[in-house]
Amino acid sequence: MLEIKNLHARVAETGTEIIRGLDLTVKAGEVAAIMGPNGSGKSTLSYVLAGRPDYEVTDGDILYDGQSILEMDPAERAAAGVFLAFQYPMEIPGVATMEFLKVAINSQRRARGDAELKIPDLLKKVKEAAGTLEMDMAMLKRPLNVGFSGGEKKRAEILQMMLLEPKLCVLDETDSGLDIDALKIVADGVNALRSPERAMVVITHYQRLLDYIVPDTVHVLSRGRVVKSGDKGLALELEKNGYAGVVGEAA
Ligand SMILES: Nc1ncnc2c1ncn2[C@@H]1O[C@H](COP(=O)(O)OP(=O)(O)O)[C@@H](O)[C@H]1O
Ligand SMILES: [Mg+2]
C-alpha cells in the first residue's frame, strides 16, 4: 500500500535536510508504528506524506498503491484516500466543526464520483461516529478545534478519520495531551478502523499508546532514517532501554 524509497526531504525555505534516505514499506491491513526520539523527523515524515508545500522532496519516491504521489497536491492525496491526523491540529475560527465535516466528506465524495450525502444521512453518520468517541454533539457546533482541549482535538481528528474512511491513515502523536481514558477511546476508534484494506502508520514517542493500538511492525526513526525495524517486541525493548542503544547502534 505504502512504499517509501530512499526518501530525502528538506525544509523548502531554508533547505535544511530532515528526511535523509528513509525506507519504509507498509502493507494493506498492517498497522506500523513509527517511534523515535524528539527531532528524529517523525512529524516531518507525516507532512511530506500529506504533501505539505513547505517541504521539498529532493530524492527518492513515495508510492501509494504502486503509484508515485509526489506530483499530487494535498487535496488530491486526500481524495485518493490518504488521511493525516496532525500532532497539532489546526484551529479554524468561524467554521463550525459540523460544517467542516460536511464540506470535507462531500468534497471527497465528489472527487471520487460519488453523490453528496444528504443532511439527514450526514447527521446520522456523524452522530454514530461521535457516539463511539464519546463526543458531545454540542461540541460540533463550535468552530473546529478553537478552544478544544488537547483530548478534544484528538477526538475531533479521529472523528474526521472515521467519517472519511481513508485507505492510508497517518496518525502523528495521537497520544500527546490525552489522559488515559481519552487515550483508550481514541485507541478504540483507531482499532475499529483496522481492516485488511487499510494501512495505518501510527507515530508515537512513547510505548504507552501501543498497549492499546498493538502494531504489526515497529520502525525506529533517527536523524531522518529508519534505523531499526521489528515487531511489537521492539517497542517494549525501547520502553525498557530507551532509544540510546538502538540509535547508537546505527550511528
Ligand atoms: N520548518 C523547519 N525549519 C527548520 N527545521 C525544522 C523545520 N521543521 C522541522 N525542523 C527540524 O527537523 C527536525 C525533525 O523535526 P520533527 O519532524 O518535528 O521531529 P519529531 O516529530 O520526530 O520530533 C528537528 O530538528 C526540527 O527542529
Ligand atoms: Mg513530532
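The values are calculated or read from the model by the stated rules, or taken from the named source; none is laboratory data. Note that the structure is predicted; figures quoted are calculated from it, not measured. Note that each Cβ is placed from the backbone with ideal geometry, even for glycine, and that neighbours are counted across all protein chains shown. Side chains are part of the model used for accessible areas, which takes the heavy atoms of the whole protein and leaves out ligands, DNA and RNA. Shrake-Rupley method; radii C 1.70, N 1.55, O 1.52, S 1.80 Å.
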*How do the pairs read when you match residues in the range 71-86 that are open to solvent by less than 30 Å² (accessible area, probe 1.4 Å) with residues anywhere that are of a type in the set (D, E, K, R) and part of a strand (DSSP E or B), using Cβ under 9 Å and keeping only pairs 6 or more apart or on different chains?*
Leu84/Asp172; Ala85/Asp172
*Can you tell me which residues in the range 193-236 are surrounded by fewer than 20 Cβ atoms within 10 Å (Cβ to Cβ), aliphatic (A, V, I, L, M) and part of a loop (DSSP other than H, G, I, E, B)?*
Leu193, Val214
*Residues that are modelled with pLDDT of 85 or more and buried (at least 21 other Cβ atoms within 10 Å of the Cβ), drawn from the range 167-192*: Leu168, Cys169, Val170, Leu171, Asp172, Ala187, Val190
*Starting from residues that are away from ligand 1 (no atom under 16 Å from the Cβ) and of a type in the set (D, E, K, R), keep the ones in the range 35-85 and report whichever is nearest to Leu2 (Cα to Cα).*
Asp65
*Regarding Glu128, is this residue surrounded by fewer than 16 Cβ atoms within 10 Å (Cβ to Cβ) and either on the phi > 0 side of the Ramachandran plot or within 16 Å of ligand 1 (Cβ to nearest atom) (or both)?*
no
*Lone qualifier among Lys42, Lys27, Lys5 - being open to solvent by less than 20 Å² (accessible area, probe 1.4 Å) and of a type in the set (Lys, Arg)*: Lys42
_Among (1) in a loop (DSSP other than H, G, I, E, B); (2) closer than 14 Å to Val190 by Cα - the single one Gln160 does not satisfy_ = (1)
*Tell me, please, whether a residue that is open to solvent by less than 20 Å² (accessible area, probe 1.4 Å) and within 26 Å of Asn145 (Cβ to Cβ) can be found in the range 51-66.*
yes
*Taking Ile4 and the conditions (1) part of a strand (DSSP E or B); (2) within 15 Å of ligand 2 (Cβ to nearest atom); (3) among the aliphatic types (A, V, I, L, M), which numbered condition does it fall short on, given that it satisfies the others?*
(2)
_Of all residues making up the range 91-115, the number that are in contact (Cβ under 8 Å) with a residue 24 or more places away in the chain and either among the aromatic types (Phe, Trp, Tyr) or open to solvent by 60 Å² or more (accessible area, probe 1.4 Å) (or both)_ = 6
*Having 1 or more residues that are within 16 Å of ligand 2 (Cβ to nearest atom) is the bar; report the strands (runs of 3 or more DSSP E) wholly within the range 40-115 that clear it.*
55-64, 82-85
*Considering each residue of the range 8-24, count those that are surrounded by 18 or more Cβ atoms within 10 Å (Cβ to Cβ), of a type in the set (Val, Ile, Thr) and farther than 10 Å from Gly60 by Cβ, and give that number.*
1
_Hey, Gly177 part of a loop (DSSP other than H, G, I, E, B) and either under 15 Å from Gly151 (Cβ atoms) or within 16 Å of ligand 2 (Cβ to nearest atom) (or both) or not_ = yes
*Condition test on Tyr47, is it within 30 Å of Lys127 (Cα to Cα) and open to solvent by 30 Å² or more (accessible area, probe 1.4 Å)?*
yes
